[in-house]
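The values are calculated or read from the model by the stated rules, or taken from the named source; none is laboratory data. Source: prediction; values computed, not measured. As a convention, Cβ positions derive from the backbone with ideal geometry for all residues, glycine included, and neighbour counts pool all protein chains shown.
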Amino acid sequence: MKELYYQIIEFRNHKYIIAVTDKGLAYVGLRDETLSDMSVFYPKADFVEDKMRTQEYANEVMEYLQGKRTKFDLKIDISGTKFQESVWQAVARYLMELYPIIRR
């Protein structure tokens, strides 16, 4: 069974789940999502709270939320069909452009 190491970070009174595998970032939850929400994407995974393994990832996500970062240096461990991956890339580009507007 796949293990996902996670931590929950807080930003502006909202919680975000950051989850990683040994290969990289696997999940960043929407604000105030729960472990139950994450289990929809990883129904067979074991969730292990581990700030040591997730801290580097959590730092970069927090810097992004604070408006201090626009690019990430993280390894990523997500997989899907080629179509899903192309959609995720398009959404990521869109969100990076949209976030400064939303943050105001």
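Here are a few things to note about the model shown:
- Residue within the range 44-52 that is under 12 Å from the mean Cα position of the chain (by Cα) and either among the aromatic types (F, W, Y) or part of a loop (DSSP other than H, G, I, E, B) (or both) present: no
- Leading residue by the ranking (nearest to L95 (Cα to Cα)) among those in the range 37-70 that are surrounded by 14 or more Cβ atoms within 10 Å (Cβ to Cβ) and among the aromatic types (F, W, Y): Y64
- Selection count where residues are under 13 Å from the mean Cα position of the chain (by Cα) and assigned to a loop (DSSP other than H, G, I, E, B), scope the range 1-33: 7
- Residue in the range 62-104 that is nearest to I18 (Cα to Cα), counting only those that are out of contact with any strand residue (DSSP E or B) (no Cβ under 9 Å at 6 or more places or on another chain), modelled with pLDDT of 80 or more and among the acidic types (D, E): E63
- Lone qualifier among K15, K2, K75 - being touching a Gly at 6+ places or on another chain (Cβ under 9 Å), in contact (Cβ under 8 Å) with a residue 24 or more places away in the chain and either surrounded by 13 or more Cβ atoms within 10 Å (Cβ to Cβ) or at negative phi (or both): K75
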